[in-house]
Amino acid sequence: MAATLTTQAVFDAFLGEYAEFKSFFHGHSFTGNQLGAAASLASLELLQSAASARARAELQQNLHDELQTLWRLPAVGDIRQVGLVAGIELVKNWRTRQPIALRERAGFRVCEAMAKRGVLTRPVGNVIVLIPPYCTTKGQLHQMVAALAESVASEF
């Protein structure tokens, strides 16, 4: 499922009579697909179930617990988490939280090292972003955070 959101001014620029051949031709491959709509509705029903909410809460707590192990690393200046979205900020000095110059590409280097350990993610500057999917197991969370810890240790 997909949607295109825009301002009224952009929408109006594509609005016209059929003969004017005005249209926003760049759409999504499966827009309006009946099977995709049925699968989306089933996914939403599953996502809104009490069992799914409990599983996400448990996964969120497991991620929080795993992330606490990163505080032992001198290059970790902050760990931020909301739900299953986490950002681990890399710094030169954890006591002062002195930032690493962006030109050093610390986040990029750590993510490359993580990829070699089987975990794909991306940095936002010097912040390593972890967003595990809802189907992640406790063991996979451990592997993800362990790969991050090893990668940070190898780069600093």
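What to note about this one:
- A Cβ distance below 9 Å, combined with a sequence gap of six or more or placement on separate chains, defines the contacts here; from region 93-105, residues that are in contact (Cβ under 8 Å) with a residue 12 or more places away in the chain and on the phi < 0 side of the Ramachandran plot reach residues that are exposed (fewer than 15 other Cβ atoms within 10 Å of the Cβ) and assigned to a helix (DSSP H, G or I) in the pairs Trp94/Trp71.
- In region 112-134, residue farthest from Ala153 (Cα to Cα) [restricted to those that are without any contact (Cβ under 8 Å) to a residue 40 or more places away in the chain and not in a loop (DSSP other than H, G, I, E, B)]: Val124
- Positions within region 73-104 being within 19 Å of the chain's Cα centre (by Cα), surrounded by 13 or more Cβ atoms within 10 Å (Cβ to Cβ) and not β-branched (Val, Ile, Thr), in sequence order: Asp78, Gln81, Leu84, Ala86, Gly87, Glu89, Leu90
- Ile88 satisfies every condition listed in (1) touching a residue at least 12 places away in the same chain (Cβ under 8 Å); (2) over 19 Å from Leu59 (Cα atoms) except (2).
- Only residues that are surrounded by 14 or more Cβ atoms within 10 Å (Cβ to Cβ), of a type in the set (Ser, Thr, Tyr) and within 16 Å of Val85 (Cβ to Cβ) were counted in region 119-151, giving 2.
- Contacts under 6 angstrom Cβ, first residue in region 35-61 being more than 19 Å from Ile131 (Cα to Cα), partner of a type in the set (A, V, I, L, M) and assigned to a loop (DSSP other than H, G, I, E, B), 6 or more apart: Gly36/Met1; Ser40/Met1
Coordinate-derived values only; no laboratory data. Predicted model only: the values in this text are computed from it and were never measured. Note: ideal-geometry Cβ built from the backbone for every residue, glycine included; neighbour counts use all protein chains shown.
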